[in-house]
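Taken together, the values in this text are just the output of simple stated rules run on the coordinates, not laboratory data. Values in this document were obtained by computation on a predicted structure and should not be read as measured data. Neighbour counts run over all protein chains shown; Cβ positions are idealised from the backbone, glycine included.
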Amino acid sequence: MFAKRRKRRAVAEFWNWFQLNQKSLEDFIDSDAPDIQVYKSLLIQLGKVSEHVTPILEVGKKVTYKLSINGEGDQQSAEDLTHLTSQAPVLKEWELSFYQSNGEETVLQADSSSNRTNETSGSDPNFSMLGSLIPSLS
């Protein structure tokens, strides 16, 4: 019971941090020479939620920006992705994708009126790893 409460609190804190740092994350994605500190902070904040997921920031296909969070494929990462999905805010100009190792993807995207649209599919044909920003942290 305490673990579930702690998990919900950690997820809420992650999304609060994300919203407070949204502009810095957008600048990171848009920059040719990004300041890696905001990405390191993203990893730290997401690590407080789960050690079983990995974030990818990129230019979106349907909206301006995309955050993909990929699970490792075990039961824990599936539960962590469920918590992250259920508490995800509506973020204007952002698409949020949550990938399970079985190929299932949940996409949360704000439409033009800042309402959320949901879509679940086996895979995203528009997803391109070529545009992904996964900087080296070394």
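Of the GluC sites (Glu not before Pro) found in the range 1-67, those in coil by DSSP whose Cβ has at most 12 other Cβ atoms within 10 Å are 51.
Which entries of 62/92; 4/61; 4/48; 4/66 show an alpha-carbon separation above 23 angstrom in the structure shown? Could you put the intermediate results ahead of the total?
Values: 62/92 12 Å; 4/61 34 Å; 4/48 13 Å; 4/66 28 Å.
Checking Cα-Cα distances, 4/61; 4/66 exceed 23 Å.
Each of residue 21 and residue 93 was given a label point 7 Å from its Cα along the Cα-to-Cβ line. The distance between the two points is 1.8 nm. Please identify which residues in the range 67-103 have an amide N closer than 18 Å to a label point set 7 Å out from the Cα of residue 9, following the Cα→Cβ vector. Once the point is set 7 Å along Cα→Cβ of residue 9, 83-84, 87 turn out to lie under 18 Å by backbone N, inside the range 67-103.
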